[in-house]
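Heads up, the thing below is written out as structure tokens.
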Amino acid sequence: MEIKEFIDKKPYVIAGPCSAESEEQILQIAKELKGTADVFRAGVWKPRTHPNSFKGIGKDALKWMQQAQLQTGMKVSTEVATAKHVELCLDAGIDMLWIGARTTVNPFYVQEIAEALKGVDIPVFVKNPIHPEIGLWLGAFERLNKSGVTQIAAIHRGFYSYEKLAFRNDPKWELPIRLREEVRDLSIICDPSHISGNASLIEDVSQTAMDLNMDGLMIETHNKPSKALSDANQQILPIDLENILNNLILRDAKLRDEAFKKELFAYRSQIDFLDTKIIDLLNDRKNIVEDIGHFKNKNKLTIFQIERWFDILKNRKENAKSLGIDEQMIAELFELIHKYSILTQTKIMR
Ligand code: PEP
Ligand code: MN
């Protein structure tokens with residue numbers, strides 16, 4: 001993939017309201033963000049779950065974006081979901097575009113957008129698909145790239161989850177990390193607003209994104225958050241954004257200091273040692289699982305004994321609790337270990 005870097009500072013900040021609502025609102029917020037944000041954002045067409053929700057102003061709002069661009073000198077950006085949106089944005093001189101989570105899931109739409117961008121190499125941000133998977137995210141970059149779009153970056157906005165979480169969208173940080181491993185040069189911007197769904201969590205999520213060495217932040221910012229026509233709970237005032245950015249602790253990705261490096265090396269060797277021990281223990285466990293498998297086989301017992309499994313889970317969780325380790329983590333770990341124990345025994349029974 002050919003990627004041209006256009007993100008020139010860290011953290012690169014994209015801010016502005018969820019939706020463009022009126023010319024005054026756009027110009028007011030843009031003015032307040034000048035000097036704080038690198039790019040001004042506002043949704044012109046809004047992908048809403050319900051048909052009667054505010055669906056955005058549409059193309060008339062592009063004129064307000066042009067005004068914001070003219071009056072503040074900031075770059076402006078909006079979401080596109082169709083070829084027509086792209087065409088209207090290009091005509092209006094919008095500087096950067098983003099593809100929303102509900103669009104990244106659909107290769108037909110992404111292809112249509114990519115084709116509408118042929119020959120116009122403007123920056124395009126691609127939000128992760130709604131569900132936790134990186135294939136479609138990667139596919140969108142590939143489609144854009146095939147059309148000659150080289151200034152591309154990812155936006156991590158979290159993933160839909162059935163579980164009731166503190167977050168609106170589960171961050172699943174391992175997925176943007178995996179994306180970075182797949183496409184080394186790709187910049188990743190975190191969107192703490194759509195991850196949090198709640199203004200009070202934005203600071204923490206932003207800090208985590210910086211700790212994970214992400215390149216920037218997209219944060220929804222409104223002059224009257226509680227009156228916003230969409231995503232009212234998660235929007236913050238421009239001044240709050242300024243404070244959050246000022247409080248961020250930016251850590252060095254590559255530790256320059258030799259003493260730090262040595263200390264870190266010592267910690268890492270301890271981790272390597274412990275991981276080796278964990279693997280050794282898992283091997284010992286597997287050997288016993290095999291013995292049990294032969295025993296069950298000989299005595300014509302079924303592999304899966306639900307009572308035993310409930311006991312294991314309960315006991316391991318209690319154990320974790322007493323040590324102050326995350327119970328959920330231990331439960332998930334043992335589910336995985338148990339799954340492979342069953343597979344091991346299944347092979348013996350065949
Ligand atoms: C948005 O940025 O306002 C938006 C609709 O985001 P997402 O596509 O991440 O839901
Ligand atoms: Mn929004």
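The values are calculated or read from the model by the stated rules, or taken from the named source; none is laboratory data. All values derive from a computational prediction rather than experimental measurement. Methodologically, a virtual Cβ is constructed for each residue, glycine included, from the backbone with ideal geometry; neighbour enumeration extends over all protein chains shown. We work out accessible area using only protein heavy atoms, side chains counted, and drop any ligands, DNA or RNA first. Shrake-Rupley method; radii C 1.70, N 1.55, O 1.52, S 1.80 Å.
Just a few scattered comments:
- For the chain, the membrane-span-like helices by this rule, meaning whole DSSP H stretches whose C-alpha atoms cover at least 30 Å of axis and whose Kyte-Doolittle mean is -0.5 or above, are 327-349; this says nothing about an actual membrane.
- Gain in span if fully extended, TYR340 to LEU281, counting 0.36 nm per residue against the direct Cα distance: 19.8 nm
- To the nearest 10, the accessible area of LEU136 is 50 Å² with a 1.4 Å probe.
- Projecting the Cα positions of PRO132, PRO171, GLY56 onto the charge dipole of the range 12-247 (unit charges on Cβ atoms of Lys, Arg, Asp and Glu, taken about the Cα centre) puts GLY56 furthest along the positive direction.
- Taking 0.36 nm per residue of separation and subtracting the current Cα-Cα distance, fully stretching the chain between ALA166 and LYS146 would add 3.3 nm.
- Gain in span if fully extended, ASN106 to ASN319, counting 0.36 nm per residue against the direct Cα distance: 72.2 nm
- Distances between placed amide hydrogens fall under 5 Å for LYS46 paired with GLY56, all partners being 5 or more residues away or on another chain.
- For a paramagnetic label modelled on THR49 (point 7 Å from Cα along Cα→Cβ), amide N atoms under 13 Å away belong, within the range 187-202, to 197.
- A crude spin-label estimate for the pair ALA253 and ASP185, with each label 7 Å from Cα along the Cβ direction, gives 1.4 nm.
- Computed on the chain, with alpha-carbon pairs under 8 angstrom and 6+ residues apart, the relative contact order is 14 percent.
- Computed on protein heavy atoms with a 1.4 Å probe, the accessible areas place ILE57, ILE134 in the order ILE57, ILE134, largest first.
- Antiparallel bridges, percent of DSSP beta bridges restricted to the chain (to nearest 5): 5
- Gap separating the Cα centres of the range 37-101 and the range 119-196, nearest whole Å: 19
- For a label point 7 Å along the Cα-to-beta-carbon line of GLU115, residues of the range 137-155 with backbone N under 13 Å: 147
- Sum of -39500 (n - 2.57) over DSSP H runs of 4+, divided by residues of the chain (222 nm, nearest 500): -16000 deg cm²/dmol
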